[in-house]
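One structure is given here, and the rest of the page talks about it.
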Amino acid sequence: MNLGATLRRGLLVGIVALFLFLLGLPTLVGNVVMGWFNFASAAPGAWLLLCVLALWTGAAAVRQTTQPSWGQVLLNGLLAGLLPGLIVGIYVFTTGSLIAADAAVREWLVQVTPEAVGLFTVGLAPLAAAALIAGVLTAAGLVGGVLAALSVRYQWGAFLRRRWQAGREAIITQPVVQKSVRFPYTRYILYGLGAVLLLIAPLFLGQYWTYTLGLVGIYIILGVGLNVVVGLAGLLDLGYVAFFAIGAYTVALLTAPTPHGIMMSFWLALPIGVVLAAMAGVLLGIPVLRMRGDYLAIVTLGFGEIIRILSKSDVLTSFTGGPRGVRSVASPVLFGFDLSDYFYHLILVAIVLVVFLSHRLQNSRVGRAWMAMRDDEDVARAMGIHVLKYKLLAFAIGASFAGLGGVLFASRNLFTGPEDHALLVSINVLCLVIVGGMGSIPGVVMGSLVLKGLPELLRELSDYRMLAFGTLLVLMMILRPEGLWPSKRRRMELHEEDEQMAKPATGDSP
Amino acid sequence: MKTLRRMSVAILIVTLAAMVLACGAQPYECTDEWGCAVFEAGETIKLAYVGPMTGDYSAFGVDISRGVELAVKDHGTVQGFNIEIIVEDTQGASEQGAAVANKLSADSRVVAVVGHTFSGSTEVSIPIYDKSGVVMMSPSATNPSLTGLGSSVFNRVAFTDEMQGQAAAQYIYETLGARQIVVMHDGGAYGQGLAGVCADAFEGLGGTVLGTEAVTPGEADYSAPLAAVAALDPDLVYFGGYDADAAVLVSQMAGAGLQEAMFFGCDGTYGANYLNLAGSSAEGTFSTYVPIPESEAFSKFRTDYQADYGQEQGELSPFSPHGYDSAALLLNALDKVAVKSGDQLIIPRKALADAVRATADYSGLTGNISCTAVGECAAASIKFMQVQGGEWTEGPGQ
Amino acid sequence: MVDLKKILPKRFFSRGNWVQPVLAVVFSAFLLWRLYRILFVEQIYGPDTWVKFAISGLILGSVYAVIALGYTLVYGILFMINFAHGEVMMLGAYTGYFTLEAFRGAGMLDWNWAGPIVEGIAAGLGASPDAATEAGAIASLVLVVLIAFVLGMLVSMLTAIGLERIAYRPLRQAPRLVPLISAIGASLFLQNAAQLMFGATPRVYNNPTLLNRDAGWTLLVGGEWVEYAGVTVWEGKPVLITYTGVITFVMSILLMVLLLILVQRTKMGKAMRAVAEDKQTAALMGIDIDRVIGNTFAVSGLLAGAAGVLWGLHMGRLNPIVGFLPGLKAFTAAVLGGIGNVAGAMMGGITLGVLEALGPGLLGMPFQLKDVLAFSILVLVLIFRPQGILGEVLSEKKM
């Protein structure tokens, strides 16, 4: 039994736990749990978080050997829980004493507030509290080890898997299900139902959720556009927000009373915005096409920032409205009928348009050319694909989608300003394309729902949103770089070796 | 497997349907021009506060939100219905202001907004709230043009920069004796507006404005623009902007060659945050302060503030009493127009906005408040403060 | 579909055709004309202001250079832009801040522990007591600042090593896009972790009194004849050269020299160069690739930490996003000098800093737009001369 590995893992978990404390996560989890179960304090949730960590450490320690003896289980479980327990105990003791001595720890480490520390000292003296939590975590480690040993001995994993399979089989073999699967029009019925639901959703969801879904929709449009550039053509564009800005500023400057007073109608300004964005895409594309991937990323980032700073600057204020932005952007008015309440539906129409175009392109010659270029540019060129042309096309189409999104965004917000077009938007869109699945449209929709919709549901977590983004990006790249709902091709590309190794072992593939 | 895919899609759609049908309250018909907010028994009335809660300018947002919290606590319920404070963060940016305004407008339970805090963010939100009929009372947005936009929902208890800029110009010319100044600002609605007013007023008095320099807020190094200003050799530098940037400016002024020049800030540069950030470089610099008349209510406010938040009132920013008054005024108007119908509480929006505009002779922390027809409800006067011995003290000659 | 080949001339942007030299000549002519106008005709700024600009540019540039060294090392070995490098610098800056705050809290910031010792030595040598006190104060100061540096560099080094282990090592075989995105994710993570841990409100370095940001040597530059009570005197205008500025500049040069020695003369450096040249052959030669890459990140972390503390001491203002913009500009500097090239990174850094400080003045641009200048330089360099001024030093097999 590798005690050294257990100790090391325990140490690592202890440090991670410390880090979680400094980030204020136990308080957060405690508050969330308190809200769900209507507890009186946040302590249960906070302790639960730490216990789960210790549990996992214990389980992992025991699982190193296939048939552990109870003695080994006991020893490893205890040790696995002991180290995190000690580390957390020392932390609780230190912070508890400091808070008791009225030291201004808050000024240094913002999350170490009296309330947060109080969750763990639970009214005891610091030393007693430290001993308590150390003990609890050690016990949790032991419990984790025991659970792991039991699960191995009684084959819980295999058992659960069999039950899951049996359940699936039971449902699938139902005659209703079998018939509906074989019925050729099931798919269309389901899609139709979904479409109807989406259309009537505003009636039931209320204005607030409709507004949020609208934002999700705009990001879907942006995501589909970036998907064309990054996912299909393989060009990492970190300045994507520049095209978004061009669409937004076009409609704003053309339709608002200040600074120019042109007062064009929304419907006239919309195609102008889209076309200008597309032109910008081509203009940006020409000089940067010959660069290698990471340089392309940085150059586009530079362009995006240049546009933002210029729009914010004093010198160009008479043209762009400066740091104060452009107010009172026009809403879409159709035959005198103000459509601003129906923005949600407008966005839906735009999504359908954009998805349709993207889907057709993907399965056309252009799409295949893009994929060939993404895989290996030199080979593609050797096969006679005009790389320059297709890259420019990808940029232009991606940019025009972003322009469309920008026009809708500015008009819906009745305002746009330079900080609306910060690098963060590009990174957000990139995140949702990557997390959803590069090159896959359902993936983009899913990514947008998860990354833009979920934070609205979990308002308490808003402070941690960007932290979660960052963690998610790194984790996804390590564990599942093809995304949550990848196109089959992409998954094959990224897991080629795994597939080849897995083939002889398993019988059939899904 | 195709079956599995189809089944998952089906499950997804059913879930979506369930979500859709489970949520949502139906809108209610009512006679008010802008519609009514209807609250069932047990629901809370939402009062929103919008300001910079995080980022460089968080001192303002945190401070004013505390004023709002104390006001709501002191007021209690409206006809038995609890008030819930929704705090939204703009980080001081206009764009966030617009996003927050749209978000709050879409929530039918939000009846009034204390905000926004910064002029730039307020400016962009006014048309949005106008459209949705949510009444505003800003504690600190001082840009003069805000009440000139023809809005029926915007009101403020803060003084205007018209007043501040002119008073500052007068003080600089007459009391401090400066004749040549350079005006700096951070490009925002507030800073640029105020700097412009001050510059015009100063020239009107006979002084010379050698130049105007804009800086980008949020940067760490202003030595280059300061060197350019130093080349003009002014007696005094007037800055329109916020404390975080003012602190950097004063720290780097000496190094750029402006040791002789005085630094004059504004209400945005006052506070303990400025003193912390600028350290010893803040010595001798000026800023604007809003003195609150002594009263029993104000002493109680100070005690409550200290007890609840562990900090002295006025340390973070001068505007917490304004936050208190804004919230109190809104709640006062709510009391007047809220109608109980059975178990429900109905709040007609236009009536509420009108009631707020019609406030007269209200005794608030900042003084005796009456709102004009365009929404100016300011009662307070201005005083100029100077940093002496590391503390804010009253400036000479007042 | 329009056939672009027929519109644009062949090899429009490739090196060695006529377009680039012509553009370069036109651009230089324009610059010279602007320079002439600003310096001699309009004369907005006196010579003292120009010297001020140049000095602030040199100091800023030296910080960029140190950060750029880190970027260039990592890119040379892994062909990867370490997006999180700016955040590594930020963490070093925060560590330095907390160290100084700890000293300040304990009242030891201006503690003159070396005073008695130096005075004793001075008395023995017969030197003047004033000089002794001053020397003692400086010696004490050096210790405090040194400790801040060491801790800052240590924390940054650990962060960089952790970064490599967690976010980059598992992705070494993946297509290029994947580690880049992982780097972006790591950068977001570190920025927001710092914001959550330390708070988003900006903090200011409280330097020891001797190192106050206002303190320094005064240089008299330019000047004019001034009359004082009947006597005309040539009075120069004062230009302040802060102590912190000098320290920043000197330390940056020192760090570069140390790095050059490391890379050229030590065994570890040789291993780094070998891995940068050809990873597979180096592995065949028995070099532990993982360890070398880890070492590279460690060194880049040390440099970033030093840059962070220098930034804090000199600029003063600190917040969780302080690393982002300098990081980006430092990458520009690395590319400007030639990526993979240590001397190039140094040169690129200083050049960029000076251009950024002098540029707006020389071109008559408002100072607000100096970032636009930096980014434009990035864009132009990458389009027209991606190998940089001193040329790239990368392996032939560009992975």
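What is the Cα convex hull volume of the range C:138-280 when expressed per residue in Å³?
235
Find which of B:GLY193, B:TYR238, B:GLY284 sits farthest along the positive direction of the dipole of the range B:161-289, computed with +1 on the beta-carbon of Lys and Arg, -1 on that of Asp and Glu, about the Cα centre.
B:GLY284
Looking at the range B:55-142, what % of the alpha carbon pairs are farther apart than 18 Å?
Value for the range B:55-142 (Cα pairs over 18 Å): 42 percent.
Across the range B:339-345, in residue order, what do the Karplus-derived ³J(HN,Hα) couplings come to in whole Hz, using 6.51 cos²θ - 1.76 cosθ + 1.60 with θ = phi - 60° and x for Gly and Pro?
Going residue by residue, I get 10, 9, 10, x, 8, 9, 10 Hz, with x marking Gly and Pro.
Taking a 29 Å limit on the Cα-Cα distance, which of the listed pairs B:LYS103/B:LYS340; A:LYS452/B:LYS350; C:LYS52/C:LYS329; B:LYS73/B:LYS340; A:LYS312/C:LYS52 fall beyond it?
Flagged as over cut-off: A:LYS452/B:LYS350.
Each residue of the range A:23-34 in turn: what ³J(HN,Hα) in whole Hz from Karplus with 6.51, -1.76, 1.60 and θ = phi - 60°, glycine and Pro shown as x?
Result, rounded to whole Hz: 8, x, 6, x, 4, 4, 4, x, 5, 4, 4, 4.
Using the 10 angstrom Cβ neighbour count as an exposure proxy, how do A:GLU456, B:GLU312, C:GLU356 rank, fewest first?
With the fewest neighbours first, A:GLU456, B:GLU312, C:GLU356 line up as B:GLU312, A:GLU456, C:GLU356.
At 7 Å along Cα-to-Cβ for each site, give me the label-to-label distance between B:GLU260 and A:ALA128 in nm.
Taking the simple label geometry, B:GLU260 and A:ALA128 are separated by 6.9 nm.
Between beta-carbons, use under 15 Å as the cut-off and find the net charge around A:LEU475, counting Lys and Arg +1, Asp and Glu -1.
Neighbour charge sum, excluding A:LEU475 itself: +2.
Calculate the spin-label point distance for B:GLN180 paired with C:LEU363, positioning each point 7 Å from the Cα along the beta-carbon direction, and give it in nanometres.
If labels sit at C:LEU363 and B:GLN180, their model points lie 3.0 nm apart.
Once the Cα atoms of helix A:423-436 and of chain A are each reduced to a long axis, what angle between those two axes, in degrees from 0 to 90 to the nearest 10, is obtained?
Once rounded, the angle reads 70 degrees.
Relative to the compact globular guide of 2.2 N^0.38 Å, what is the alpha carbon radius of gyration of the range C:304-350, as a ratio?
Scaled against compact globular proteins, the figure is 1.21.
Give me a comma-separated list of calculated 3J(HN,Hα) values for the range B:42-52, in order, Karplus coefficients 6.51, -1.76, 1.60 applied at θ = phi - 60°, integers in Hz, x for any Gly or Pro.
In residue order, the calculated couplings are x, 7, 10, 7, 9, 10, 9, 10, 10, x, x Hz.
Given springs between every Cα pair under 10 Å in a Gaussian network model of chain B, which of B:GLY55, B:GLY165, B:GLY240 has the largest fluctuation?
B:GLY55
Give the separation of the Cα centroids, the range C:63-127 to the range A:143-181, in Å.
With the range C:63-127 and the range A:143-181 each reduced to a Cα centre, they are spaced 58 Å.
Given labels modelled 7 Å from the Cα in the Cβ direction, how far is it in nm from A:PHE19 to A:LEU48?
Spacing of the two 7 Å Cα→Cβ label points: 2.4 nm.
For the range A:118-239, what does the equivalent ellipsoid look like in terms of its semi-axes, each the square root of 5 times an eigenvalue of the Cα gyration tensor, given largest first in whole Å?
Whole-Å semi-axes of the equivalent ellipsoid: 46, 32, 20.
Over all Cα pairs of the range A:247-316, how is the pair count split among 10 Å bins, expressed in % and running from 0 up to the last occupied bin?
For the range A:247-316, the binned pair fractions read 18, 38, 31, 11, 1 percent.
Near C:GLY364, within a Cβ-to-Cβ distance under 9 Å, what is the net charge of the other residues, with Lys and Arg +1 and Asp and Glu -1?
Cβ neighbours under 9 Å give a net charge of +1.
Tell me, what is the FRET efficiency for B:THR208 and C:ALA139 to the nearest 0.05, using R0 = 51 angstrom and their Cβ-Cβ distance as r?
So, using R0 = 51 Å, E works out to roughly 0.55.
Output needed for chain A: three equivalent-ellipsoid semi-axes, defined as square roots of 5 times the C-alpha gyration tensor eigenvalues, in descending order, whole Å.
Over the Cα atoms of chain A, the ellipsoid semi-axes are 47, 32, 24 Å.
How large are Rg and Dmax for chain B when only the alpha carbon atoms are used, in Å?
23.5, 85
Principal axis lengths of the range A:3-165 from Cα atoms, whole Å, largest first?
Over the range A:3-165, Cα extents along the principal axes are 53, 36, 23 Å.
Thinking of the range B:161-289 as a set of Cα atoms, what percent of all their pairs are more than 25 Å apart?
Tail of P(r) above 25 Å: 12 percent of Cα pairs.
Kirkwood Rh, Cα Rg: Rg to Rh for the protein assembly as shown?
Here the Rg-to-Rh quotient is 0.96.
Which cross-chain or sequence-distant (5 or more) residues have an amide H under 5 Å from the amide H of B:GLY364, H modelled 1.01 Å from N in plane?
Under 5 Å from the amide H of B:GLY364 lie the amide H atoms of B:ILE369, each far enough along the sequence or on another chain.
Hey, for a label at A:PHE335 modelled as a point 7 Å past Cα toward Cβ, could you say which residues of the range A:400-421 have their backbone N under 12 Å away?
The answer is none, because no backbone nitrogen lies closer than 12 Å to the label point.
Going by C-beta contacts inside 10 Å, put C:ARG37, C:ARG265 in order with the fewest on the left.
With the sparsest Cβ surroundings first, the list reads C:ARG265, C:ARG37.
For the protein assembly as shown, what does the helix formula give at 222 nm: sum of -39500 (n - 2.57) over DSSP H segments with n ≥ 4, over the residue count, nearest 500 deg cm²/dmol?
Here the helix-only value at 222 nm equals -20000 deg cm²/dmol.
If you stretched the chain out fully between C:LEU154 and C:TRP33, how much longer would it get, using 0.36 nm times the residue separation minus the C-alpha to C-alpha distance?
38.7 nm
Given H placed on each backbone N at 1.01 Å, which residues far from B:ALA37 in sequence or on other chains put an amide H within less than 5 Å of it?
For B:ALA37, whose amide H was placed from the backbone, the distant partners under 5 Å are B:ILE347, B:ARG349.
Report the antiparallel proportion of the DSSP beta bridges in the protein assembly as shown as a percent, rounded to a multiple of 5.
The antiparallel fraction comes to roughly 55 percent.
Treating only the Cβ atoms of Lys and Arg (+1) and Asp and Glu (-1) as charged, compute the dipole magnitude of the range B:213-325 about its Cα centre; round to the nearest 20 debye.
Here the range B:213-325 has a charge dipole of around 60 debye.
Report the Cα centroid-to-centroid distance between the range B:175-231 and the range A:357-429 in angstrom, as an integer.
If you average the Cα positions of each part, the centres end up 44 Å apart.
Across the range A:206-491, what fraction of all alpha-carbon pairs, as a whole percent, falls in each successive 10 Å bin from zero upward?
7, 29, 36, 22, 6, 0
Rg and Dmax of chain C, Cα atoms, in Å?
When restricted to the Cα atoms of chain C, Rg and Dmax are 24.2, 89 Å.
At a Förster distance of 60 Å, what's the computed FRET efficiency of C:GLN264 paired with A:ARG63, Cβ-Cβ distance as r, to 0.05?
That gives a FRET efficiency of 0.80.
When only C-alpha pairs under 8 Å and at least 6 residues apart count, what is the relative contact order of chain C, in percent?
It comes to 31 percent, rounded to a whole number.
Report the extension gain between A:ILE272 and A:THR258 in nm, rounded to one decimal, defined as 0.36 nm multiplied by the number of residues separating them, less their alpha carbon distance.
3.2 nm
Would you order A:LEU432, A:LEU28, C:LEU23, C:LEU163 from fewest to most other beta-carbon atoms within 10 Å of each residue's own beta-carbon?
The most exposed by this proxy come first: C:LEU23, A:LEU28, C:LEU163, A:LEU432.
For every other residue with a beta carbon closer than 15 angstrom to the beta carbon of C:ALA54, add +1 if it is Lys or Arg and -1 if Asp or Glu, then tell me the sum.
0
FYI, it's all coordinate maths here, none of it is from the lab. Fair warning: this is a prediction, and the values are worked out from it, not measured in the lab. Cβ atoms come from the backbone with ideal geometry, glycine included; neighbour counts cover every protein chain shown.
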